[in-house]
Amino acid sequence: MSKRIFIDTNVMLDFLGERVPFYEAIAKIATLAEKSELTMVVSPISFATVNYFLSKFEGSKTAIEKLRKFKILCEICTLNEQTIEKGLNASIKDFEDALQYFSATESQCEILLTRNGKDFKKLLLPVMTPDEFLKSLM
């Protein structure tokens, strides 16, 4: 079974918004997912948030088309009552980060990719930037 990598909202936005200098690393990871060498897992919350920002800067039609194509490359995790309950009672200060973390663990992801690692300190799931993850594969 291939690695299951949870993609945080900021990393998804880096990819779909082609944000320099972050785009290149996540594009390489997306290529690995396209080749079925790993599975990218994404929260439904990330789709909503990324749609908001992309629509603002690129228009809603472009945003939806990018999300439609991205959906093919990833698995969308379930966000349920249990995830919300864990997030509400977690020691993680930011509620959205808590939801992302518990979505990742409940989806049996091995790594959480984010550029905000400081928001996920002292947790069981390894947290890396896309660049760190790519270096770990070498």
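Where a number appears in this text, it was derived from the coordinates with a stated rule and is not lab data. Everything numeric here is computed off the predicted structure, so don't read it as measured data. Note that we place each Cβ from the backbone using ideal geometry, even for glycine, and neighbour counts take in every protein chain shown.
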Members of the stretch 8-31 that are in contact with a Ser or Thr (Cβ under 7 Å, 6 or more places away or on another chain) and touching a residue at least 60 places away in the same chain (Cβ under 8 Å): Asp8, Thr9, Asn10, Val11
Enumeration of residues in the stretch 113-124 that are within 17 Å of Lys93 (Cα to Cα) and either within 11 Å of the chain's Cα centre (by Cα) or among the hydroxyl-bearing types (Ser, Thr, Tyr) (or both): Thr114, Arg115
Out of Thr78, Thr83, Thr105, sole residue that is more than 17 Å from Leu123 (Cα to Cα) and either aliphatic (A, V, I, L, M) or under 17 Å from the mean Cα position of the chain (by Cα) (or both): Thr78
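Any idea which residue in the stretch 34-43 is farthest from Ser2 (Cα to Cα), counting only those that are surrounded by 13 or more Cβ atoms within 10 Å (Cβ to Cβ) and of a type outside the set (Val, Ile, Thr)?
First, pick out the residues of the stretch 34-43 that are surrounded by 13 or more Cβ atoms within 10 Å (Cβ to Cβ): 38-43.
Still in the list and also of a type outside the set (Val, Ile, Thr): 38, 40, 43.
Numbers: Leu38: 5, Met40: 10, Ser43: 19 Å.
The residue in question is Ser43.
With closer than 15 Å to Ile5 by Cα, exposed (fewer than 13 other Cβ atoms within 10 Å of the Cβ) and out of contact with any Lys or Arg (no Cβ under 8 Å at 6 or more places or on another chain) as the only criterion, which of Leu113, Leu88, Leu73, Leu124 stands out?
Numbers: Leu113 fails: exposed (fewer than 13 other Cβ atoms within 10 Å of the Cβ); Leu88 fails: closer than 15 Å to Ile5 by Cα; Leu73 fails: exposed (fewer than 13 other Cβ atoms within 10 Å of the Cβ).
Matching residue, one of Leu113, Leu88, Leu73, Leu124: Leu124.
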Name the residue, out of Phe53, Phe6, Phe102, that is over 19 Å from Thr129 (Cα atoms) and surrounded by 14 or more Cβ atoms within 10 Å (Cβ to Cβ). Phe53
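Across the stretch 56-70, which residue is surrounded by the most Cβ atoms within 10 Å (Cβ to Cβ) among those that are within 19 Å of the chain's Cα centre (by Cα) and among the charged types (D, E, K, R)?
Let us first name the residues in the stretch 56-70 that are within 19 Å of the chain's Cα centre (by Cα), namely 63-70.
Now drop any that are not among the charged types (D, E, K, R), which leaves 65-66, 68-69.
Details: Glu65: 13, Lys66: 18, Arg68: 9, Lys69: 10.
Only one residue fits best here, namely Lys66.
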